[in-house]
Amino acid sequence: MTSLRIQVNGKSVDTDVAPTTLLVDLLRGPLGLTGTHQGCDTAQCGACTVLIDGQAVKSCSLLALQAQGRSVTTVEGLARGETPHPLQEAFIACHGLQCGFCTPGMLMSACGLLRQVPQPSDTQIADALEGNLCRCTGYVNIVAAVQQAAQTLAATGEKA
Amino acid sequence: MSSTVEAARYGSGKAVRRIEDPALVRGAGQFTDDLKRAGQTHLVFLRSPHAHAVIKGVDKSAALALPGVLAVYSGADLVAAGVKPMGNAVPFPRPDGKPGASATRYPIAFDRVRFVGEAVAAVVAESREAAMNGAEAVMVDFDDLPSVTDTLQAIRPGAPVLCEQAPDNIASEMKHGDAAAADAAFQRAAHVVSLDIVNQRLAPASMEPRVVLAEPDAASGRLTVTLSSQMPTAVRDGIAAALPGLDKEQVRVRVGDVGGGFGMKTGLYPEDIVVAHAARTLGRPVKWCAQRLEEFSASSHGRDLITQAELALDANGKVLALRTRSYANVGGYAMTVGVVIQLLIGPWVSTSIYDIPTISLHLTAVMTNTTPTGAYRGAGRPEAIYVIERLMDAAAREMKIDGAELRRRNMIRPAQMPYKNPMGQTYDVGQFEKMLDQGLALADWKGFEARRAASKAKGRLRGRGIATFLEWTGGNALSEVVTVNVLPEGFVELTVATMPMGQGINTSLAQLAVDVFGVPLEQIRVVHGDTDRANGFGSAGSRSLFTGGAAVQVASERTIEQAKNLAGEALEAASRDIEYRAGRFTIAGTDRGIGLFELAAKQPTARITADGDATAGAPSWPNACHICEVEVDPDTGAVEIAAYASVNDIGRVVSPTIVRGQIEGGAVQGIGQALCEAVAYDRDSGQLLTASFMDYALPHADGFRGFKTVFDTSVPCTTNLLGVKGVGELGTIGATPAVVNAVVDALAAAGLGRDAEKVQMPLTAPTVWRALQRDFDRPDWA
């Protein structure tokens, strides 16, 4: 076991992990953050996407120790207190989710995009979500939701 | 019921925010793998690497010696413990008149494996890692047998045999219609078209893999099984039937959030039995979470039907007869549902919305060394509708008339309703020509040639495809019971046996309750997925709203009627003088009254309760006109969806947002079949080649985003209380033929003519490019 210190959703976490532990397993297991989902074994579905230092990363393809000293944001850390993140609000408003299993990963990938490209085109959104699979929505409303969130953020001057 | 402010805002017909969503977007959903019990153990399956092999022995000793490993189960262990095989009656007789045949499917393969991915051992350990290590240490002595995965090869003499009772690998077969009459019609026909049509095998691929958590309770002797399923009651009954000394009252099945089902999560799976058995024998909670590899290899597949299809038409283009010869690859074990879907349910809609007097359908269920097939969104109807819609275009091309016009000439007229089709299925209502006209207008049918010219100018081949069709819904499970509890905490609670799995059924049911109670949507709670509280068929076959929704209305109205009596007592007035509106009972003509929830608090049980049941008189028949335009890049064969318009007759709409999501999301699944998805096996080894999302191509976000979707609500269903029609599968059924017809049209116009009809799904870039070189894969009928 190796000691690990990371920030998760703004809180400092000190824990011991095995060198083989994947970040997703640390999050879902000992940390109890089950909003991060696991839908495949080959890093294709994107349901496990989180932000590491603001960048969207698939937490199934990263060892927990690789996040040493970094800041991890999961879907549970997306809202600002009781206020939903504009992306969360837009996914509901645009019917951008059906079963909701891919949704946390979609939200985090979209958040990563909006931090880098605050006003993306629909094509840029679709490209940014290339690594996230959804079987229910057909993606139409997801792209619309990200676009709506981008506009909300632009209108309020907030950062994603 | 009186219209109230709340009903006007949140009731049926209103676009509301789904009640499922706030938790899901916060990551606070309750998917089965999110549960962690004290003392929980983990189960991992060892699965067959062989398509076909005899199991000579299973050596568990090395696995049992590993740290953390608690138990190892072989198929023989389960048989010795009295665990029964999967209950499975193969419907319809074999060609020799004997009963339908299948090898017995054990929860863990017992003496022989019949497909890659079939479980051969289960290991339970303190951690998932230890269980995985244990599975690697189990030594199975296999004696490899020749295998066959191809449908047409499997029925040839000398093919490897999967089941002694079926030396020809035929599980069962079915003939529908009047073969002699059909032959006569083809004799006198002015035009005959025939096509080879392959409905390729698909993986349903819900994003959430299957998960099962079983917890024994030593004190009560009961077993609680929590899993991701569309049919909790069927799982309860199946587990009770399979495990020795357990009756269904001792099993409680619970289902939380389901991360997509699409028919794949219907019924009982072998894994459910094994996890339940392990929990009972170990006396500890046991959890199994499928890896994606297991989902691809061991969860039911869908479709897989090869058809020789022929249409006979008179000189005016009136269809005289439909004749098909079909072979369904039902996998290594012929499961009841997999056979019924192909041999009966598909045929029910084989003539679709067309007035075709004569049919002759001959369908054979073939066993091969592949994963057993079951329900996948549409389940038989996509296959049948694809066949007839491909034939319609072929006939139009043959006769050199417009495909829309040929369809129009054959459509069943409203005056013919109710209409009994040659399969004996009765359509209550439908205005198919009206749907066609609206579809043609929405898609600007007349403006196509200009768009084709514009595409040509940029080097693209443009094609246009149409599908006009209907589908059967309801699963012939047309009854549902709902319990309403009015609780003093300020909630109306609906306890239901239907299951949300992404289709937002709880929101739709809540909206129907708002119609009756006139309270805000937030005050309606829906309890689902608990066989201790509600039982029924579950959610499948687009049945939930027209059966469960009707029961919600009945139960809600009954609750209010009953509560009027209670209000009369509380207010010391005659119940006939009590009026209800928006959460409050009043004595007519006075301002004296009592609130609904206040009244509930006054009751001895602190609630007002009523059950309501509803039975639809018949299936509903949603129908639609879907029109797609594609652009093909002749240099690469790549297909792009350029436009997609659909008009959908779905009766009354309760949740417009949800319905649109169902149609468009469903259409993308249909587009997936048309353009990219296919389960592939290596012909020689029987290995599954598409065992990950790397190899099995789901549609991605960079697909298509320009749906034009219109609802026609002017023709309510007449056989259910609500007038709604099932909508969960409509988009998937329409999209596949609309897209393929468009690509065939592009290829035909590019000079291939009717040769273009030889192309088979999925229409990937290489397949389309090869078609442009007149190079086609054809079914090997020899």
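General remarks:
- Any pair with Cβ under 8 angstrom, 6 or more apart, that starts in segment B:592-614 at a residue that is on the phi < 0 side of the Ramachandran plot and ends at one that is surrounded by fewer than 16 Cβ atoms within 10 Å (Cβ to Cβ) and part of a strand (DSSP E or B): B:613/B:479; B:614/B:479
- Residue count for segment B:740-762 satisfying the condition of being closer than 24 Å to residue B:264 by Cα and among the aliphatic types (A, V, I, L, M): 1.
- Out of B:365, B:375, B:384, sole residue that is crowded, with 24+ Cβ neighbours inside 10 Å, in a helix (DSSP H, G or I) and assigned by TED's automatic domain parsing to the domain that holds residue B:435: B:384
- Restricting attention to segment B:764-782 and to residues that are under 18 Å from residue B:306 (Cα atoms) and over 29 Å from the mean Cα position of the chain (by Cα), the residue that is surrounded by the most Cβ atoms within 10 Å (Cβ to Cβ) turns out to be B:776.
- Qualifying residue in segment B:294-304 (condition: closer than 21 Å to residue B:114 by Cα and in contact with a Cys (Cβ under 8 Å, 6 or more places away or on another chain)): no
- Residue match in segment B:54-74 (condition: assigned by TED's automatic domain parsing to the domain that holds residue B:279, closer than 28 Å to residue A:36 by Cα, surrounded by fewer than 21 Cβ atoms within 10 Å (Cβ to Cβ) and not β-branched (Val, Ile, Thr)): yes
- Segment B:602-634, residues that are surrounded by fewer than 20 Cβ atoms within 10 Å (Cβ to Cβ) and either closer than 18 Å to residue B:668 by Cα or out of contact with any Gly (no Cβ under 9 Å at 6 or more places or on another chain) (or both): B:602, B:603, B:604, B:605, B:606, B:607, B:609, B:610, B:611, B:613, B:615, B:617
- Checking each residue in segment B:1-45 for being among the aromatic types (Phe, Trp, Tyr) and closer than 28 Å to residue B:225 by Cβ picks out B:31, B:45.
- Segment B:419-461: number of residues that are under 30 Å from residue B:747 (Cα atoms) and in a loop (DSSP other than H, G, I, E, B): 5
- Residue in segment B:761-780 that is part of a helix (DSSP H, G or I), of a type in the set (Gly, Ala, Ser) and under 22 Å from residue B:666 (Cβ atoms) present: no
- Just so you know, in segment A:130-159 the residues that are in contact (Cβ under 8 Å) with a residue 60 or more places away in the chain and facing another protein chain (nearest Cβ under 8 Å) include one that is surrounded by the most Cβ atoms within 10 Å (Cβ to Cβ), and it is A:132.
- Test result for residue B:130, at pLDDT 95 or above and either under 25 Å from residue B:214 (Cα atoms) or small (Gly, Ala, Ser) (or both): yes
- Matching helices (runs of 4 or more DSSP H) fully within segment B:228-307 where at least 2 residues are closer than 30 Å to residue B:384 by Cα: B:232-242, B:292-298
- Test: residue in segment B:103-119 that is part of a helix (DSSP H, G or I) and either touching a residue at least 12 places away in the same chain (Cβ under 8 Å) or among the acidic types (Asp, Glu) (or both): no
Residues checked against (1) part of a helix (DSSP H, G or I); (2) among the small types (Gly, Ala, Ser):
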{"residue": "B:643", "(1), (2)": "no, yes"}
{"residue": "B:671", "(1), (2)": "yes, no"}
{"residue": "B:691", "(1), (2)": "no, yes"}
{"residue": "B:705", "(1), (2)": "no, no"}
{"residue": "B:735", "(1), (2)": "yes, yes"}
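- The condition of being within 18 Å of residue A:152 (Cα to Cα) and at the interface with another protein chain (Cβ under 7 Å from one of its Cβ atoms) does not hold for residue A:124.
- Out of A:34, A:42, one residue alone is out of contact with any Gly (no Cβ under 6 Å at 6 or more places or on another chain), within 13 Å of chain B (Cβ to nearest Cβ) and within 30 Å of residue A:148 (Cα to Cα). It is A:34.
- For segment B:672-680, the criterion of a residue being more than 23 Å from the chain's Cα centre (by Cα) and more than 14 Å from chain A (Cβ to nearest Cβ) is satisfied by no position.
- So residue B:580, is it among the aromatic types (Phe, Trp, Tyr), out of contact with any Gly (no Cβ under 6 Å at 6 or more places or on another chain) and not assigned by TED's automatic domain parsing to the domain that holds residue B:714: yes
- Condition broken by residue B:667, with the remaining ones in (1) assigned to a helix (DSSP H, G or I); (2) more than 10 Å from chain A (Cβ to nearest Cβ); (3) of a type in the set (A, V, I, L, M, F, W, C) satisfied: (2)
- Scoring residue B:71 on the criteria (1) out of contact with any His (no Cβ under 6 Å at 6 or more places or on another chain); (2) in a loop (DSSP other than H, G, I, E, B); (3) of a type outside the set (D, E, K, R) leaves a single failure, condition (2).
Yes/no matrix, rows are residues, columns are (1) within 14 Å of chain A (Cβ to nearest Cβ); (2) surrounded by 24 or more Cβ atoms within 10 Å (Cβ to Cβ); (3) hydroxyl-bearing (Ser, Thr, Tyr); (4) at positive phi:
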{"site": "B:228", "(1), (2), (3), (4)": "yes, yes, yes, no"}
{"site": "B:246", "(1), (2), (3), (4)": "no, no, no, no"}
{"site": "B:258", "(1), (2), (3), (4)": "yes, yes, no, no"}
{"site": "B:265", "(1), (2), (3), (4)": "yes, yes, no, no"}
{"site": "B:271", "(1), (2), (3), (4)": "no, no, no, no"}
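- Screening B:240, B:276 for residues that are surrounded by fewer than 23 Cβ atoms within 10 Å (Cβ to Cβ) and either over 15 Å from residue B:84 (Cβ atoms) or aliphatic (A, V, I, L, M) (or both) leaves exactly one candidate, B:240.
- Scope segment A:71-92; condition assigned to a helix (DSSP H, G or I) and either of a type in the set (Asp, Glu) or more than 7 Å from every other protein chain (Cβ to nearest Cβ) (or both); matching residues: A:76, A:77, A:86, A:87, A:89, A:90
- Members of segment A:119-129 found to be β-branched (Val, Ile, Thr) and surrounded by 17 or more Cβ atoms within 10 Å (Cβ to Cβ), listed by number: A:125
- If you go through segment A:100-115 and keep only what is out of contact with any Phe, Trp or Tyr (no Cβ under 9 Å at 6 or more places or on another chain) and facing chain B (nearest Cβ under 7 Å), you end up with A:102, A:104.
- Among the residues listed as B:78, B:46, the single one being within 30 Å of the chain's Cα centre (by Cα), in contact (Cβ under 8 Å) with a residue 24 or more places away in the chain and either within 26 Å of residue B:685 (Cα to Cα) or in a helix (DSSP H, G or I) (or both): B:46
- Residue within segment B:464-484 that is within 14 Å of chain A (Cβ to nearest Cβ) and either surrounded by fewer than 18 Cβ atoms within 10 Å (Cβ to Cβ) or closer than 29 Å to residue B:254 by Cα (or both) present: no
The values are calculated or read from the model by the stated rules, or taken from the named source; none is laboratory data. Quantities reported herein were computed from a predicted structural model and do not represent experimental measurements. In this analysis, Cβ positions are derived from the backbone assuming ideal geometry, glycine residues included, and neighbour counts consider all displayed protein chains.
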